[in-house]
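The values are calculated or read from the model by the stated rules, or taken from the named source; none is laboratory data. Predicted model, so just to flag it, every value in this text is computed and none were measured. Counting neighbours? That spans all protein chains shown, and the Cβs are built from the backbone with ideal geometry, glycine included.
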Amino acid sequence: MGRFHPRHGRRAGPACATGSSRSRVRGVRGRGSPAGSGGGSGPPGPPVSCSAACPFSRFRDLSAVPRGIDRNRGNPGGGAADLRQLGGAGDAGGPERSRRGAPTQLSRGGPAGGAVDRNGAQERQPRADRPGPQRSRPGAAGPDGPSDGRPTRAGRRNDQRVWRIRSEGQAGGEGSSQHPGTEKQDAVAGSAARDQGVRAPSRRRRLRPGLKLKDTGTIWRMLTMRKAKTLAPILVAAALPALAADQFLMRAPKPYAEEIARHFGLALLQQVPGQDLFLVRGPEGATAEQVMAAVRNYDHNDRDMDDDDDDDVRIELNDVLQLPETSSGRLIGSPQPVWNALADKSMTTFFGDSVWSSYVRQPALAHIRVPPTHSRLATGSGIVAVIDTGVDPAHPALSRWLVPGYDFVRERAGLPSELEDLDPSTRELINPFTTAILDTALEINPFTTAILDHGTVGRLDPARLPPGFGHGTMVAGLVRLVAPTARIMPLKPFGADGKATRFNVIRAIYYAADRGARVINLSLGFATSSPEMELAVASVSARGVTCVASAGNSGEQIMTYPAGYQEVIGVASTNLLDQRSLFSNHGDNLVRVAAPGEGLIAPYPGRRYAAVWGTSFAAPLVSGTVALMLHVKPQLGWEWADAAISEAAPTSGNLGSGRLDVYRAVDKARQF
């Protein structure tokens, strides 16, 4: 099995077709993967038993310890050991170590509760009436004190550090435990100690209330000092703040993923069908950085002795993503397109469907030459997947052309409806039993002006509509406008609030390709790249799928993703004068082509229509154009689609090849 390339994440060697050392993000050089921790020289040893209730017991090796820390210290088998046990382990010549399965403690103590100095010398158990750090017993020479029992300055400083850490979580009063459910563990430890004739440790005596843990960054800086090897297990465990469990995307072969989950206490929640990609939940009490560092530095292959990042495992946060329009400022410009549309209230037939005339005859279509393309070249073919907020399945412009998709929010197959995201009273206003005459407009949000009747405008409060409501219906309606005979697959990873998890968006990409989609419209954009999303786009593109994404609405020359990936056609927005929209992102490394994105008339939930602004609505015009190309060239791949789309009308403003010319693009595809 090939190893993952440290830059672009694909497996190098036999499993990697590219072998490239560059990042596949356009215009950006490859970034090296973070180096793993050094020091490990042997395979992981067997985990020691520990109470499942203790959150720190899940980290059973020192994979999360930064460089400079000896991972094999204190493990008789030469491998990784439990953080809680390693606190009482010295060097090879030190005292007897805790037996496997014996209760261990999150303290600087040995198996019987006695402290251990940096050379591994066993110290006397602290007296019950003297909580806190103890001096070495008289006559015992060591780094923490001379033979007369007086501690050195370094010894006092180390003891104070340890006791500050051990006193974490005592704000609840004396005797309160940082680890829920450890009273039973203390009882077992006490019983074992009494059998050996040693005073049993007491959590009430061992922890001193009122002291607080130092800054976590300071703790980690202490860990990087080679002289702090013995303190490292204690510091790592104590530096884990009590946070809610985080979710991660982890890619690894299934047996390896299950091994990692057992080793670190991760919970495997979901797997993407056909992919070695898992949604996992980290253990409570561990930060995201610590979980990811531990997993990345863990050596699965016993023959891999260098402890680097070349194992077949990758992990990243399952971030919450947001649609660009819902996080941008006001995008609505001149109201003139709305008034022009309202001048014609008639209905017309559009490829067998009764729709609003102003929707079919809007100026943007003529500007990019859609009507002559329909009459002379193509009307669309294949399936276009729209990864968005869902659709209105009953809208006359869409209902006959939808194919079953999936609702990743409710985990339900079928046609995901946006109307289900509304409360019943608002749904009744938006979706009446009969469609009233469209005679007025209401600004719903910063990018949408809904065209409604007077009765609805008087009763509808726009504040009751979620910020992302209607986004998917409008995007799907613009795809249908350009490619009227193509099929549309609605996929809903986004809720009506415009938010989705990264895992659900990636699932939707694979889902679309697995079910026959030839075009994927991604009217979304994020500032940070995701290795897994990049891999998903590359994977489906290799299977003949063309991905189209919006460039974003920040009005800047910046990179956004997925539009910035190599296999994605990034789309900016222009007005009808072929000028860049003020809100549109730009830059030749980001944008392949621009398309009209101001004042477009699109279907709106409730069998209504709306005028919209944003790059999210320029992208479906390009997606529909690719569906037209599939009509004349069924075997079209993303490279050919990209080349044909580049046959665009010239424009200025760092907008890639220029403004979309549908007729020229489809004609070019026919010649391939």
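Per-structure values
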{"read-out": "Unique match (being farther than 24 Å from VAL505 by Cα, surrounded by fewer than 19 Cβ atoms within 10 Å (Cβ to Cβ) and of a type outside the set (Phe, Trp, Tyr)) among LEU660, LEU655, LEU577", "value": "LEU577"}
{"read-out": "Count - residues of the stretch 489-548 that are polar (S, T, N, Q) and touching a Pro at 6+ places or on another chain (Cβ under 8 Å)", "value": "4"}
{"read-out": "Looking only at the stretch 462-487, and only at residues there that are surrounded by fewer than 18 Cβ atoms within 10 Å (Cβ to Cβ) and touching a residue at least 24 places away in the same chain (Cβ under 8 Å), the one that is nearest to the chain's Cα centre (by Cα)", "value": "ARG464"}
{"read-out": "Residues satisfying the stated conditions in the stretch 531-580, i.e. in contact (Cβ under 8 Å) with a residue 60 or more places away in the chain, assigned to a loop (DSSP other than H, G, I, E, B) and of a type in the set (Gly, Ala, Ser)", "value": "GLY544, ALA551, GLY552, SER554, GLY564"}
{"read-out": "Test: PRO393 is modelled with pLDDT of 95 or more and farther than 21 Å from ILE601 by Cα", "value": "no"}
{"read-out": "Residue in the stretch 449-468 that is closer than 21 Å to GLY414 by Cα and in a helix (DSSP H, G or I) present", "value": "no"}
{"read-out": "Count of residues meeting criterion [assigned to a loop (DSSP other than H, G, I, E, B) and of a type in the set (Asp, Glu)] in the stretch 331-368", "value": "1"}
{"read-out": "Index of the failed condition, ARG221 passing every other in (1) modelled with pLDDT of 70 or more; (2) surrounded by fewer than 16 Cβ atoms within 10 Å (Cβ to Cβ)", "value": "(1)"}
{"read-out": "In the stretch 628-642, residue surrounded by the most Cβ atoms within 10 Å (Cβ to Cβ) [restricted to those that are out of contact with any helix residue (DSSP H, G or I) (no Cβ under 7 Å at 6 or more places or on another chain) and in a helix (DSSP H, G or I)]", "value": "LEU630"}
{"read-out": "Selection from the stretch 469-509 of residues that are in a loop (DSSP other than H, G, I, E, B) and among the aliphatic types (A, V, I, L, M)", "value": "ALA483, ALA486, ALA496"}
{"read-out": "Count of the stretch 531-552 residues which are surrounded by 21 or more Cβ atoms within 10 Å (Cβ to Cβ) and over 21 Å from the mean Cα position of the chain (by Cα)", "value": "2"}
{"read-out": "Test for GLY624: is it part of a loop (DSSP other than H, G, I, E, B) and either of a type in the set (Gly, Ala, Ser) or at pLDDT below 95 (or both)", "value": "no"}
{"read-out": "Residue in the stretch 623-630 that is touching a residue at least 12 places away in the same chain (Cβ under 8 Å) and over 15 Å from CYS547 (Cα atoms) present", "value": "no"}
{"read-out": "Residues satisfying the stated conditions in the stretch 510-530, i.e. outside any loop (DSSP other than H, G, I, E, B), farther than 20 Å from GLY470 by Cβ and within 18 Å of the chain's Cα centre (by Cα)", "value": "TYR510, TYR511, PHE526"}
{"read-out": "Unique residue being modelled with pLDDT under 95, in the same structural domain as ILE520 (by TED's automatic domain parsing), within 16 Å of ASN585 (Cβ to Cβ) and not hydrophobic (A, V, I, L, M, F, W, C) when the list is SER652, SER616", "value": "SER652"}
{"read-out": "From VAL519, VAL593, VAL568, residue being in contact with a Leu (Cβ under 7 Å, 6 or more places away or on another chain), crowded, with 24+ Cβ neighbours inside 10 Å and either under 25 Å from LEU419 (Cα atoms) or assigned by TED's automatic domain parsing to the domain that holds ALA476 (or both)", "value": "VAL593"}
{"read-out": "Selection from the stretch 312-364 of residues that are in contact with an Asp or Glu (Cβ under 7 Å, 6 or more places away or on another chain), small (Gly, Ala, Ser) and modelled with pLDDT under 90", "value": "GLY333"}
{"read-out": "Residue in the stretch 644-651 that is among the hydroxyl-bearing types (Ser, Thr, Tyr) and within 21 Å of VAL360 (Cβ to Cβ) present", "value": "no"}
